[in-house]
Amino acid sequence: MKHLFGPVRSRRLGRSLGIDLLPDKICPFDCLYCEVGPTVRRTCQRCEYTSTAGILQEIDDFIAQEGAAGVDVYTVTAQGEPTLHTGLGRVLRHLRQRGGRPVVVLTNGALLHDAAVRQELAAADIVVPSLDAARYEAFLRLNRPEPGFDLDGMIEGLLALCAEHPGAVWLEILLAAGCNDSEEDLAALAVVLCRLPPSARHRVQLNTVTRPSRTAVVHPLTLERLQAIASQLQKHCPLPVEVLATAPVAVNTKDCNAAVADPALPSHSPWENQAERIVQMVRRRPCTAEELWAALGLAGQEAPSRALLERLVVAGRLRRQCQGAAEFYLPGTGVS
Ligand code: SF4
């Protein structure tokens, strides 16, 4: 599968089948915390970056072969920013008509000033836009947009989306220690939050860095600090402000590829067929072994599953990175 990956388990969404609209990391931003890696092309230019017909065909093939029984939601996303693809509206309508499950879009919000983009997003059941900073200094530091990017326009677009969208909007704010969590930064965010239209469908979710960044070392906030900030912002916000991170989060990262177990697998193994799916999943997001096994239906078959991961590490298709107590798999040096 070129555009589809998973289903992966998502804390918020359950079993999520990912639909990646872009062929590469194309994005208006180059966020410090990005799990995909450095932006290859930083742009706000909309375009049919890959064939929309090809994406629709892959969706149809998946539904025909596997059905929707193992899927809770379809999540339209990208290695970069999915609203850059001009086929977005067609893909969303297709999923609504054929998928039989809610459709979610993850977006960094950069193009929300564009009424045509908001109109296309209207076909999604849930839109999850991001706004990490409302102050230019923090925005430039953390999100590293293309030169001349209009943060104020993006914020107005976000407010318009919240007022217009017929489904739910879950606004995500990712906070990174020392980047966008100063009192000044929080005060600027509060000014935006107090302008959100009241709605029973919408909510605000605070998150922090929980997986390895492939771009830079970024430090998370503690759960206690996130909860304190949620209480602080809630005073200004007509929507519920929730903390998304549920477990204590890591404070440091280290490479942990040294200990490699026996990578032997039976040569005829059906596990071989899972290798490509694993590589495609971690290209979009670093995953723990448990997340990969759950996504691929391999839970309870630890020995051959671990052997497959080790084999991919030895082959350079995966590498491991520890963040706090958790060990993640990322694309290896042999994967572009
Ligand atoms: S985190 Fe999202 S918005 Fe930021 S660079 Fe990565 S893909 Fe783009």
Subset of the range 99-116 [touching a helix residue (DSSP H, G or I) at 6+ places or on another chain (Cβ under 6 Å) and surrounded by fewer than 21 Cβ atoms within 10 Å (Cβ to Cβ)]: His113
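Considering only residues that are away from the ligand (no atom under 16 Å from the Cβ) and in contact with an Asp or Glu (Cβ under 7 Å, 6 or more places away or on another chain), which ones fall in the range 73-91?
Selection gives Thr86, Gly87, Gly89.
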Total residues in the range 1-15, condition away from the ligand (no atom under 16 Å from the Cβ) and among the hydroxyl-bearing types (Ser, Thr, Tyr): 0
Working only within the range 17-53, note down all residues that are of a type in the set (S, T, N, Q), surrounded by fewer than 18 Cβ atoms within 10 Å (Cβ to Cβ) and either within 12 Å of the ligand (Cβ to nearest atom) or within 17 Å of the chain's Cα centre (by Cα) (or both). Thr43
I'd like to know if the range 213-226 contains one or more residues that are free of Cβ contacts under 8 Å to residues at least 60 places away in the same chain and basic (Lys, Arg). yes
Suppose we filter the range 117-129 for residues that are crowded, with 23+ Cβ neighbours inside 10 Å and within 13 Å of the ligand (Cβ to nearest atom); how many remain? 1
Test Arg144 against the criterion of being among the basic types (Lys, Arg), assigned by TED's automatic domain parsing to the domain that holds Leu239 and at positive phi, and give yes or no. yes
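Give the residues of the range 197-206 that are more than 23 Å from the chain's Cα centre (by Cα) and either of a type in the set (S, T, N, Q) or under 12 Å from Leu131 (Cβ atoms) (or both), sorted by residue number.
Correct list: Ser199 only.
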Residues in the range 181-199: is at least one farther than 19 Å from His236 by Cβ and more than 16 Å from the ligand (Cβ to nearest atom)? no
Total residues in the range 54-93, condition more than 26 Å from Pro286 (Cα to Cα) and buried (at least 20 other Cβ atoms within 10 Å of the Cβ): 1
The residue that is farthest from the ligand (Cβ to nearest atom), considering only those in the range 92-109 that are of a type in the set (A, V, I, L, M) and more than 15 Å from the chain's Cα centre (by Cα), is Leu95
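Restrict the check to the range 55-72 and report whether at least one residue is away from the ligand (no atom under 16 Å from the Cβ), in contact (Cβ under 8 Å) with a residue 24 or more places away in the chain and under 22 Å from Glu146 (Cα atoms).
So far as the range 55-72 goes, no, none of its residues is away from the ligand (no atom under 16 Å from the Cβ), in contact (Cβ under 8 Å) with a residue 24 or more places away in the chain and under 22 Å from Glu146 (Cα atoms).
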Take the residues of the range 219-262 that are among the charged types (D, E, K, R) and modelled with pLDDT of 95 or more: which is nearest to Cys162 (Cα to Cα)? Glu242
Restricting attention to the range 66-100, which residues are out of contact with any strand residue (DSSP E or B) (no Cβ under 7 Å at 6 or more places or on another chain) and among the basic types (Lys, Arg)? Arg90, Arg93, Arg98
Check off (1) touching a residue at least 40 places away in the same chain (Cβ under 8 Å); (2) farther than 28 Å from Asn143 by Cβ for Gln79 and give me the number that stays unchecked. (2)
Any residue at all in the range 275-288 that is crowded, with 19+ Cβ neighbours inside 10 Å and over 22 Å from the mean Cα position of the chain (by Cα)? no
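The values are calculated or read from the model by the stated rules, or taken from the named source; none is laboratory data. Keep in mind that this is a model prediction, so the values were computed, not measured. Here Cβ is always computed from backbone atoms with ideal geometry, including for glycine, and neighbour counts include all displayed protein chains.
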